[in-house]
Amino acid sequence: MKLSEVNFNFAQKINKGALLTVQDSCGRINTMTVSWGGCGILWGKEVCFIYVRPTRFTYKMCEDVCDFSLSFFKEGERKDTLSFCGTKSGRDHDKIKECNLSYKTDDGYVIFDDAEITIKVRKIYSDFIKEECFIDKNLLSNYKNNDFHKVYVCEIIDIQ
Ligand SMILES: Cc1cc2nc3c(=O)[nH]c(=O)nc-3n(C[C@H](O)[C@H](O)[C@H](O)COP(=O)(O)O)c2cc1C
């Protein structure tokens, strides 16, 4: 389905946490919790915006390939999973195994059986958030370690 066809409050859902999951070019799969992001229309396409700090293990994978999935669970479900995947790194853990997340892959997209909604996305543009571009300098308090997010603008390929 398209974004315009789903009855889905993206802002409300991502604020509660979603899983950004990537299969890299070696076939390795990792997932991390994200709660910052948005969606809308850009360049005539339905897109979503994802923000990943370069310190994340997932970051290297997002740089390696173009296709990611964003998984949303039913309200109140998989809270432990979202917490684990938002505090532990794929450098040290097989988070998918440890969280008992069963999945299938579809054209490189990872789809968790327990997800209520999965958005398949393809990155089409990326750049770092830049210190000098902040108009409200108070927001720089989010970057005490200079780990400025990379923003990925991703075309929404399918929502299921
Ligand atoms: C609720 C929640 C939301 C998060 N949102 C983001 C996010 O939007 N972007 C980001 O870079 N990290 C975010 N994080 C932090 C990563 O999920 C966390 O650092 C994770 O351990 C990275 O895993 P990785 O090293 O396997 O990539 C969030 C963490 C939590 C708990």
Residue check for residue 94: out of contact with any Phe, Trp or Tyr (no Cβ under 8 Å at 6 or more places or on another chain) and either within 13 Å of the ligand (Cβ to nearest atom) or basic (Lys, Arg) (or both):
yes
Scope the range 44-58; condition more than 8 Å from the ligand (Cβ to nearest atom), more than 12 Å from the chain's Cα centre (by Cα) and touching a residue at least 24 places away in the same chain (Cβ under 8 Å); matching residues:
45, 46, 47, 54
Here the residues within the range 138-160 that are more than 22 Å from residue 56 (Cβ to Cβ) and out of contact with any helix residue (DSSP H, G or I) (no Cβ under 9 Å at 6 or more places or on another chain) are 138, 157, 158, 160
Selected residue (criterion: farthest from the chain's Cα centre (by Cα)) from residues of the range 77-98 that are free of Cβ contacts under 8 Å to residues at least 60 places away in the same chain and surrounded by 15 or more Cβ atoms within 10 Å (Cβ to Cβ):
93
Among (1) in a strand (DSSP E or B); (2) within 16 Å of the ligand (Cβ to nearest atom); (3) surrounded by fewer than 17 Cβ atoms within 10 Å (Cβ to Cβ); (4) not hydrophobic (A, V, I, L, M, F, W, C), there is one condition residue 63 misses while meeting the rest; what is its number?
(1)
Sort out which residues of the range 1-15 are loosely packed, with under 14 Cβ neighbours inside 10 Å and within 16 Å of the ligand (Cβ to nearest atom), and write them in order of number.
11, 12, 15
In the range 25-38, which residue that is more than 7 Å from the ligand (Cβ to nearest atom) and under 12 Å from the mean Cα position of the chain (by Cα) is farthest from residue 12 (Cα to Cα)?
31
Taking the criterion of being under 14 Å from the mean Cα position of the chain (by Cα), of a type in the set (S, T, N, Q) and on the phi < 0 side of the Ramachandran plot, would at least one residue in the range 112-123 satisfy it?
yes
Residue that is surrounded by the fewest Cβ atoms within 10 Å (Cβ to Cβ), among those in the range 16-53 that are touching an Asp or Glu at 6+ places or on another chain (Cβ under 6 Å) and of a type outside the set (Val, Ile, Thr):
25
Quick one: which residue in 114, 147, 158 is among the acidic types (Asp, Glu) and assigned to a strand (DSSP E or B)?
158
Can you say whether residue 81 is polar (S, T, N, Q), away from the ligand (no atom under 16 Å from the Cβ) and either touching a Leu at 6+ places or on another chain (Cβ under 9 Å) or at pLDDT below 95 (or both), as far as the supplied structure shows?
no
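The values are calculated or read from the model by the stated rules, or taken from the named source; none is laboratory data. Remember, predicted model here, so these are calculated numbers, not experimental data. Neighbour counts are summed over all protein chains in view; Cβ atoms, including those assigned to glycine, are modelled from backbone coordinates with ideal geometry.
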